[in-house]
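What follows is a single structure, written as structure tokens, with notes after it.
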Amino acid sequence: MTEFVIRSITDKPITVIENGNEMLAELKRQGNNLNQAVRNSYNGLATEEEIRSCIAELKKLYRRITIAIGGG
């Protein structure tokens, strides 16, 4: 909220993302999955493939977010 007010006052563009709440929820889920996989790797439970899969999902999501905010 603070950033919104600052941008409003300084005439900086404000980006509204449709389905932003869904993307944020998915970002949190994927971040939790990665954290759990890394934690499990310390205990010898997770595989490198599991961690790579989590990273791949995060990359896909970051691409969607970049497109949603008008990036390339």
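Quick notes on this one:
- Residue-span extension gain [Glu48 to Asn35] - 0.36 nm each, minus C-alpha spacing: 3.4 nm
- Rolling a 1.4 Å probe over the protein heavy atoms gives the chain an accessible area of 82 Å² per residue.
- Couplings 3J(HN,Hα) of segment 16-28, computed from phi: 10, 9, 5, 6, x, 5, 5, 5, 5, 4, 5, 4, 5 Hz, in residue order, whole Hz [Karplus 6.51 cos²θ - 1.76 cosθ + 1.60, θ = phi - 60°; x for Gly and Pro].
- Here Cα Rg over 2.2 N^0.38 Å was calculated from the structure, and among [x] 1.28; [y] 1.47; [z] 1.11 it sits at label [y].
- Our coupling estimate for segment 61-70, obtained by passing each phi through the Karplus curve with A = 6.51, B = -1.76, C = 1.60 and θ = phi - 60°, is 5, 4, 4, 4, 5, 4, 5, 5, 8, x Hz, Gly and Pro reported as x.
- GNM flexibility winner over the chain from Asn35, Asn21, Asn43 (Cα, springs under 10 Å): Asn43
The values are calculated or read from the model by the stated rules, or taken from the named source; none is laboratory data. Just so we're clear, the structure is a prediction, and the values are computed from it rather than from any experiment. Ligands, DNA and RNA are excluded from the accessible area calculation, which covers all protein heavy atoms including side chains. Shrake-Rupley method; radii C 1.70, N 1.55, O 1.52, S 1.80 Å.
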